[in-house]
1. What's the ranking of 390-397, 255-262 by average number of surrounding C-beta atoms within 10 Å, highest first?
2. Measuring with a 1.4 Å probe in the full set of protein chains, what accessible area per residue, in whole Å², belongs to segment 311-414?
3. Tally the DSSP beta bridges in the chain and give the antiparallel ones as a percent, rounded to 5.
4. Express the relative contact order of segment 285-387 as a whole percentage, based on alpha carbon pairs under 8 Å and six or more residues apart in sequence.
5. With respect to the cross-link table entries LYS234/LYS438; LYS53/LYS363; LYS179/LYS485; LYS53/LYS179; LYS234/LYS434, which display a Cα-Cα separation exceeding 20 Å?
6. Considering amide H positions built from the backbone, and no H for Pro or chain starts, which residues 5 or more places from VAL247, or on another chain, come under 5 Å of its amide H?
7. Between segment 61-122 and segment 338-372, how many Å separate their Cα centres?
8. What FRET efficiency comes out for the pair ARG349/TYR432, r = Cβ-Cβ distance, R0 = 30 Å, nearest 0.05?
Amino acid sequence: MKSFEELGVNEPLRKAVEEMGFEAPMPIQERVIPRLLGDANDIVALAQTGTGKTAAFGLPVLQRIEPGVMSPQALILAPTRELCLQIGGDLVDYSKYIPGVKVLPVYGGSSIESQIRTLRSGVNVIVATPGRLIDLIKRGVVKLDGVNTVVLDEADEMLNMGFLESIEEILSHVPSDHKTLLFSATMPAGILKIAKRYMKDYEEIVVGTRNEGSENVRHIYYMVNARDKYLALKRVVDNSPGIYAIVFCRTRRDTQEIADNLIRDGYNAEALHGDLSQQQRDIVMKKFRDRVVSILVATDVAARGLDVSDLTHVINYGLPEDTAVYTHRSGRTGRAGKKGVSVAIIHSREKGRLREIERIIGKTFEHLEVPTPEHIIEKQLYNLADRIEKVKVNEDEIARYLPGISRKLEWLSEQDLLKRVISLEFNRLLDYYKDAPKIDFIDAKPQKEKKRKGEKNNDRPADDKEKDRRTAARGMERVYVNVGKRDGFFAGNLIEMLNKLVQGKRVDVGRIDLLPGYTLFDVSKKDARKVVGALTGADFFGKRLHSEIADQDRDYSRLADKKKKARNK
């Protein structure tokens, strides 16, 4: 293993990172830093969150800065305000011994006037979210003609959020001879298209393997009836003394409901979702980072860019549709060489999705039984005994109180005293778990009977599932468009295109089903024809779009497969 000095990092930067506790370069740093400091090509780096990416690009970016030139020389784009602030803070820490280097985070939800004043006084590095940066470019406040390095961090997240056109707009203002680094946890097709279009002879650096989960994360799942998911969640939490976790939910409603239930049941929990104001989000995240709150219940969108160290667990309250989302979730634990656990609480119909995730990330999930009341209580008791054994006693301060307490309790035997100490902590648990049932899902159907009925992996037949996808909700119309996840097309891209292409009042979009070769989504019946007309003939990354009102009797999966085979001939 090389040292930072051997990688070419200069003395002021080495001094700063040593003070921050960096002992030796991490694999991604060892591979990226010398290339960025040298004359290497552009770089596409695949690495999980928490592998040291910020230092991998931050140290060489700072070393390439000319401190006396007070105009932007490096630009770092990030998908969220939180990640923007985190990167900006890290760069300020790295550059503490380099006089004259100025780093500015630029993001929405904060005073644009304050950011404009700082920009006019001169900055060397801009860390920005795409929307706010474009606003500042249009106002003529930001000039990017002196930028020599562009970093796209969490590029797959920016793609999912529909920032593709914004990235294109920003890159059009940067000199063509700049160096580009693209960091991503996964490699969807859209990332490859960005690399091919905007990067020169790029080199691909992979830490681990493509789309792989972190080596330090243990993947486990519990299978229960859908009605028992919340009970299983509480048992997982109770079975993990000292838990510090994010619980991921699909919807804002589920997120708030589960957090409210946990708070009601005596847990230190908070909700984080899009219905909260920015101020409320900041308060919740500060409480979580400070460990005032030990369980954060969040949607994927709200948790983007939330950088928290030492998470013990990531809990999936059901599996996401997109494997890349699972990779991002699980990558939040097991960071920097530490161990972590990614838990999936699923019902029987999600088992097929679980197997698909296993195949893509190259990991096998362990199937565990939901912890029993007996096991939970025993684990909590031993944890209490361990805490009592290791508690720090301030002999001088407590000495004056001991005689009075001893007189008060002298009638209790050692055994009685121990029972009372334990009961103070455990009466709630003991009462709650008294006569609690086993809640694991038991598949009672014989395997032969399932095959006879055309079932597989506890799912409905594939034809039924496909027909469901083609059926709109009440009052809605189902719309088909001929691009999907394989084309790098995600929900954010769809919403962005509709907002841009459909004239008049904003279109309300219902359920969205993203498939590899196509997408189906619900819009109100009155808007359906207008949406189809707007999308048909539009361009998505060089692909001409076709859209139509979905036909319930048409098999779009087979249609997409035929088109894929035709393209591959």
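1. Final packing ranking: 255-262, 390-397.
2. With the other protein chains kept in place, segment 311-414 gives 59 Å² per residue.
3. The antiparallel proportion sits near 25 percent.
4. 22
5. The answer is LYS53/LYS363; LYS179/LYS485.
6. Excluding prolines and chain starts, which carry no amide H, the hits are LEU296, VAL297, ALA298, ILE315.
7. 40
8. So the FRET efficiency works out to roughly 0.55.
The values are calculated or read from the model by the stated rules, or taken from the named source; none is laboratory data. Predicted model, so just to flag it, every value in this text is computed and none were measured. Every residue, glycine as well, gets a Cβ built from its backbone with ideal geometry; the counts of neighbours run over all protein chains shown. Heads up: the accessible areas ignore ligands, DNA and RNA and are worked out on the full protein's heavy atoms, side chains in. Shrake-Rupley method; radii C 1.70, N 1.55, O 1.52, S 1.80 Å.
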